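Down below is the structure, laid out as structure tokens.
What follows is calculated from the coordinates using simple rules that are stated; it is not laboratory data. Computed from a prediction, not measured in an experiment: that's the story for all the values here. Backbone-built Cβ (ideal geometry, glycine too); neighbour counts: all protein chains shown.
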Amino acid sequence: MKTLFSVLLLGGLLCPAAALAAYEDEGLSEAAVSTDTARNGDEEEGQAVIQENDEDLAAFVTDYIRKDIQLKGAFFLEEKTSRKLLKLTLASVEQKAGAAEGGVKLVTAAFKDAAGKKYTAVFHLQNGPWGGLDIFKIELKAAPGKPR
């Protein structure tokens with residue numbers, strides 16, 4: 001039994017050595033590595049253009065807002081001037097998306113606070129690293145004609 005185990009162990013050690021020798025005979029001992037595939041995301045020439053239509057972008061933002069409200073009970077945004085945290089409810093989402101530099105799309109949503117004051121938020125969308133959409137910035141603005 002010990003001799004059988006020794007033979008199997010020795011055979012297992014020699015097989016990888018034989019495979020390595022075959023690779024070296026064929027000139028395959030060095031791995032072919034492409035330096036072009038290991039590019040950093042910052043080195044890309046430009047962000048890819050978002051291919052979704054305006055209605056899909058509006059639906060994406062609406063879904064994002066509704067999920068956030070479901071998790072937190074309201075949509076929270078910080079008013080930069082007063083550093084006040086606003087507890088907002090969704091009034092509407094603009095169905096027409098705007099365009100910005102670098103293939104970024106802008107979707108506007110209207111909100112109201114508990115006192116009925118209106119606010120507008122602009123959602124900046126780009127292609128995400130996984131191939132979907134990514135909201136990378138949300139700007140809070142006063143509703144048109146309504147000073148804060």
*Based on other C-beta atoms within 10 Å, arrange ARG66, ARG83 from fewest to most.*
ARG83, ARG66
*asked:* Going through the cross-link list LYS118/LYS141; LYS80/LYS105; LYS80/LYS137; LYS84/LYS105, which pairs have a Cα-Cα distance over 20 Å in this structure?
replied: LYS80/LYS105; LYS84/LYS105
*Expressed in nm to one decimal, what extension gain is obtained for the pair ASP56 and LYS2 from 0.36 nm per residue of sequence separation less their Cα-Cα distance?*
12.5 nm
*Please arrange ASP113, ASP63 by counting, for each residue, the other beta carbons lying within 10 Å of its beta carbon, fewest first.*
ASP63, ASP113
*How do 68-74, 88-94 rank on mean C-beta neighbours within 10 Å, highest first?*
88-94, 68-74
